[in-house]
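Working notes, structure below.
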Amino acid sequence: MEKRISNPWQWQATSAYNQAVEVRQPSATLYCAGQAAIDANGIPSTGDMRAQLQQVLRNVEQVVTTAGYHLRDIVHIRLYTTDTAALFGPEGCFDVFTNWVTQHAIQAAATMVEINFLAYEGLKVEMEAIAVR
């Protein structure tokens, strides 16, 4: 597999994503369902946005690695939140996401969307991922 990153601009670099990722000759593709802050027993988190985002990222890691992929194989991320201010605002926790992307050398295109609700009351963030190898 060969990945080629395309960024006509550089302003997105501080947000830890790319404008486009081209994948040539992949041998397999993994489509991950949305991962929310739900523990291994199926209990939704009642924590704040930072705690929930950390759980979401751990869940994504578990799904991706259990399927036999590496986190660096992620090429697309879709992040949903019910509270943009809690994620991106001055007291927000977007640094948790950007640090995670940097730590795992993920080069992905990304979309972030504010929504009205998630599957369980109190959930604030959910993430989908697509990985290729």
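Only the coordinates and a few stated rules stand behind these numbers; no lab work does. Keep in mind it's a predicted model, so treat the numbers as computed, not measured. Note that we place each Cβ from the backbone using ideal geometry, even for glycine, and neighbour counts take in every protein chain shown.
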Q: Work the Kirkwood hydrodynamic radius out for the chain: mean of 1/r over every pair of different alpha-carbon atoms, inverted, in Å.
A: 15.2 Å
**Q.** For R72, net neighbour charge (Lys/Arg +1, Asp/Glu -1) across residues whose Cβ lies under 13 Å away
**A.** 0
Q) Check A110: other-chain or 5+ apart residues with amide H under 5 Å from its amide H, H built from backbone geometry? A) N18, I77
Q) Which order do V56, V101, V113, V23 fall in if you start with the one that has the fewest other Cβ atoms within 10 Å? A) V113, V23, V101, V56
(Q) Could you work out how much longer the chain between I115 and F88 gets when fully extended? Use 0.36 nm per residue separation minus the Cα distance between them, nm to one decimal. (A) 8.3 nm
Q.
Could you tell me the relative contact order of the chain? Use alpha-carbon pairs under 8 Å, at least six residues apart, and round to a whole percent.
A. 37 percent
Q | With Cα atoms, 0 to 90° folded angle of helix 94-103 axis to the chain main axis | A | 30 degrees
Q) Name the residues of segment 101-133 whose amide N is less than 15 Å from a point 7 angstrom out from the Cα of A13 along the C-beta direction? A) 102
Q: For G122, enumerate residues with amide H under 5 Å from its amide H, sequence gap 5+ or separate chain, H modeled in the peptide plane.
A: none
Q: Would you mind counting up the charge near Q55? Only other residues with Cβ under 13 Å from its Cβ, with Lys and Arg at +1 and Asp and Glu at -1.
A: -1
Q) What order do you get for F117, F97, F88 when you list them from fewest to most C-beta neighbours inside 10 Å? A) F117, F88, F97
Q: Pop out the ³J(HN,Hα) list for segment 54-63 in order, Karplus 6.51 cos²θ - 1.76 cosθ + 1.60 with θ = phi - 60°, rounded to Hz; leave Gly and Pro as x.
A: 4, 5, 4, 5, 4, 5, 4, 4, 5, 5
(Q) Explain nothing, just the number: dipole magnitude of the chain about its Cα centre with +1 on each Lys and Arg Cβ and -1 on each Asp and Glu Cβ, in debye rounded to the nearest 20. (A) 500 debye
